[in-house]
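The values are calculated or read from the model by the stated rules, or taken from the named source; none is laboratory data. Predicted, not measured: the structure shown is a model, and the values here were computed from it. Here the Cβ positions follow ideal geometry from the backbone for every residue, glycine too, while neighbour counts run over all protein chains shown.
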């Protein structure tokens, strides 16, 4: 077991790779009563075209299958796994993102019993034709529910505008039509390919003895047999740098229009510290350009172009990346014009200096240090960083070395008219007349 010491933030973490390839990280937190445990596979909604383990030919599986598989993992022949967790006082959950599927629990006692439940249910798949058919109805209702959520449609509508071919444009849950095509055989193919321990990471944080927990996990894994791991071949079509659709509008039952401006990232091949530095630089540059201390924000708020729903964000993974800026607004056209004007202004002449960088850098470091008091934040973010060969605890030293030039170059990677798209949700016409 290797000890990793992050002196700058006074944290000690422990790491060991099991014989089957599973990476286990344990971060004890003094003074904490709760422990948070995640068991995550590097497999998300975008992984729909790949070479199955042990085969030579590429297959394409129905959209939404990673999310469908997450749901099915909790159902076993002897009952529902949630009941086992609740019997030991744990709160369990799971989620599927574009790039990963995580299973997790938090508890203040019975840590080892709950850890065993987590490891065993994720590593013991059980799918039948009848249970798969039953799940289609449940997930179909979930898809219908999300289709009625304006903010969800706004977010995925903006992403869909941006991408020509990349599967990030597809809703994580898929569609009712796509999930209807899913079979038990599909689930086993995806499970056997992506749920191998060598493609997974376990993270334990909180009130835990690292030596005892590592030994417990090692013993659990030693009792199980897995095939020899092989490199996973994911296949993606080439993706142009420009957006697929410049503008789109959807009518829904909303009282006020909603609008997002999407900025498609050019730089999507980075990994490791380069990716960490670039991601943080883009985030800082967006804070300067569109944050609540910016001239843009003050003008937009005073003019009534935005309200408290206003937000901006940046997402970056290997193969795709985008920034989104927007708000509920009575004047979507004016807000879009103001956002694009700000982008052009910064592109023509970079207006920010060292004092501006220092201000947003201190804010970002402060947020990060406060977040280290949340076991949920640490576990979820550490895993996402690790899957991109980054280390969450390197964020502070990377931020401290950031330069104005780093921010300027990073901002340029999401800049350009061909990378901009607009998605608007308008009130239905008959509703607007009322």
Criterion violated by residue 239 - all others in (1) assigned by TED's automatic domain parsing to the domain that holds residue 409; (2) surrounded by 18 or more Cβ atoms within 10 Å (Cβ to Cβ) satisfied: (1)
Candidates 415, 419, 408 - the one that is touching a helix residue (DSSP H, G or I) at 6+ places or on another chain (Cβ under 9 Å) and either loosely packed, with under 12 Cβ neighbours inside 10 Å or at pLDDT below 95 (or both): 415
From 154, 187, 149, residue being farther than 30 Å from residue 250 by Cβ and in the same structural domain as residue 101 (by TED's automatic domain parsing): 187
Unmet criterion (only one of (1) outside the structural domain of residue 146 (by TED's automatic domain parsing); (2) surrounded by fewer than 17 Cβ atoms within 10 Å (Cβ to Cβ); (3) without any contact (Cβ under 8 Å) to a residue 40 or more places away in the chain; (4) outside any helix (DSSP H, G or I)) for residue 274: (4)
Among (1) in a helix (DSSP H, G or I); (2) in contact with a helix residue (DSSP H, G or I) (Cβ under 7 Å, 6 or more places away or on another chain); (3) modelled with pLDDT under 95; (4) more than 19 Å from residue 253 (Cα to Cα) - the single one residue 134 does not satisfy: (2)
Subset of region 156-191 (residues that are within 11 Å of residue 69 (Cα to Cα), under 20 Å from the mean Cα position of the chain (by Cα) and assigned to a loop (DSSP other than H, G, I, E, B)): 173
Members of region 306-323 that are farther than 27 Å from residue 272 by Cα and either in a strand (DSSP E or B) or in contact with a helix residue (DSSP H, G or I) (Cβ under 7 Å, 6 or more places away or on another chain) (or both): 306, 311
